[in-house]
Amino acid sequence: MNRRTFLAGTATTGLAGVAGCLDVLGESHGATEDVVLDPPDRYEDLRASRDNGYLPYPIHGDELPEVSVPDVTADGPVSTRQFVGDRHVLLTFVFTRCNTVCPTLTSSFAQVQHDARENGYAEDIALLPTTFDPAYDTPERLVTFAEDVGADPSAANWRILRPESPERAEAVVEGEFGVIFSRVPEEKREMENMVWNHRSSRILANKDGYVERNYRSSLNAAGLLDEVATLRERW
Amino acid sequence: MRRRELLAGLGALGVVGTGAAYQFGGLDDRLRGGGSQVESRELERIDAPGSSPGTEVVPESGRVTYVDFFATWCSICESKMEPMGEAATAVDSEVQFLSVTNEPLGVTTTRTDVVEWWEEHDGNWPVAHDDSLELSRAVNASGVPYAAVIDADNRLVWSDAGYKTASEILDPIREARDVSPE
């Protein structure tokens, strides 16, 4: 509610909708009224690419794509937009045989889950790690993978998404979220278990269902916690 | 002045030293924060071989600190334990040498898991838990494994991600001792 008042306040100053603009308190905020985090670097370029259809992944200010994917820890599917009005959402895309980037991404979500539990916002956030390797990643493997990095996959805010088939994984993960993955031929694998090449992506969407940021490079767990904290403060 | 030389050398190291495997992070993480002040804080020390239960003040002013961040799920951290063991044996009591996990503990991964991991990989030096990520944040730990050297005046003088040999661990410790006031 504060946020709406705050936005009304900035509108009267004539600054609303300007990327990176300052409000009366000197605090910068999102590029549109749907988002509260600061726009990413080179936002104008990214926005132009996205709007022209050249950028396959959602960015700051986009609506979170709507997909419905089975949740391995519950009966029935999860819709990425079912949390609108209730929870901020974090999404990422992994395969469990990965022992480098994927556990790092998932462990940063475990840190957010831990922080949320400690600081009373467990019900304000949903963490949605998603596999793009459903043929290998059984529900059991996905649960173990989450537990290994210290997450509690039995909690209501941890939902593991597993597309029904490899084709569906491609449609969801590449098609909707622009996270390109490709199978590495056996002879080219640096390590036996590194079956897939893939882009790294963590998407933070707000309670209104808009993408605040899509982190596609290194951001450590502390950095991710800071981003979530800023979103919660400004919301 | 010698400190400045060290930091200049550090910059070059950061540029060259990109070959090592690491779980996450990049050049920016390693170049950031050179020489910045790291506030001392108390971490819970885990009851494990070489590590008595209690609290550990990190960094400890007056001694050079070498801190190595790891996680029990991290396979590169496993392979780093052997050179860590060699380095731990080589340093004397003038160096605060420790490993730190910043995993959330107590729900699915527990202190017992950390102790078992520690025993399995022959850890035999102090190991502590950075529960709130405060220390990880203070040294810009970009992932695991990640190492930092903090001089006797609490200045972050070196940090790097990834696997290291024993001499790659010991060299920045020696440099930090050379420039620290006695």
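Worth a mention:
- Sites matching GluC sites (Glu not before Pro) across segment A:31-112 that sit in DSSP coil, with at most 13 neighbouring C-beta atoms within 10 Å: A:Glu66
- Within the accessible area of segment A:99-234 (1.4 Å probe), percent carbon and sulfur: 43
- Structural descriptor for chain A: relative contact order 25 percent, calculated from alpha carbon pairs under 8 angstrom and at least 6 residues apart.
- Relative contact order of segment B:45-151: 44 percent, from C-alpha pairs under 8 Å at least 6 residues apart in sequence.
- Using a 1.4 Å probe over protein heavy atoms, the accessible area lost on pairing A with B, summed over both chains, comes to approximately 1900 Å².
- Counting 0.36 nm for each residue step from A:Asp86 to A:Trp235 and taking away their Cα separation leaves a gain of 52.4 nm.
- Pairwise FRET efficiency - A:Asp45 versus A:Ala156, Cβ, R0 = 45 Å, nearest 0.05: 0.70
- R0 of 25 Å, Cβ-Cβ distance B:Asp122-B:Asp171: FRET efficiency to nearest 0.05: 0.65
- Solvent-accessible area lost in complex, 40 Å² minimum, residues of segment A:98-122 relative to chain alone, 1.4 Å: A:Asn99, A:Thr104, A:Gln111, A:His114
- Gyration tensor verdict on segment B:62-145 (Cα atoms; rounded if a/c is under 1.5, prolate if a/b is larger than b/c, oblate otherwise): oblate
- Whole-Å distance, taken between Cα centres, linking segment A:210-235 and segment B:144-167: 26
- Within segment A:183-224, backbone nitrogen closer than 20 Å to the virtual label 7 Å beyond the Cα of B:Ser79 toward Cβ: A:184-198
- Full extension of the chain segment joining B:Asp92 with B:Tyr163 gains 23.3 nm, where the gain is 0.36 nm per residue of separation less the Cα-Cα distance.
- In the full protein context, segment A:36-156 carries 39 Å² of accessible surface per residue, based on a 1.4 Å probe and ignoring ligands, DNA and RNA.
- Normalised contact order of segment A:96-235, rounded percent, pairs of Cα under 8 Å and 6 or more residues apart: 24
- For chain A, convex hull of alpha carbons as volume per residue, Å³: 125
The values are calculated or read from the model by the stated rules, or taken from the named source; none is laboratory data. Remember, it's a predicted structure, so these values are computed and weren't measured experimentally. A quick note on method: Cβ atoms are made from the backbone with ideal geometry, for glycine too, and the neighbour counts reach across all protein chains shown. Side chains included, ligands, DNA and RNA excluded: accessible areas come from the protein's heavy atoms. Shrake-Rupley method; radii C 1.70, N 1.55, O 1.52, S 1.80 Å.
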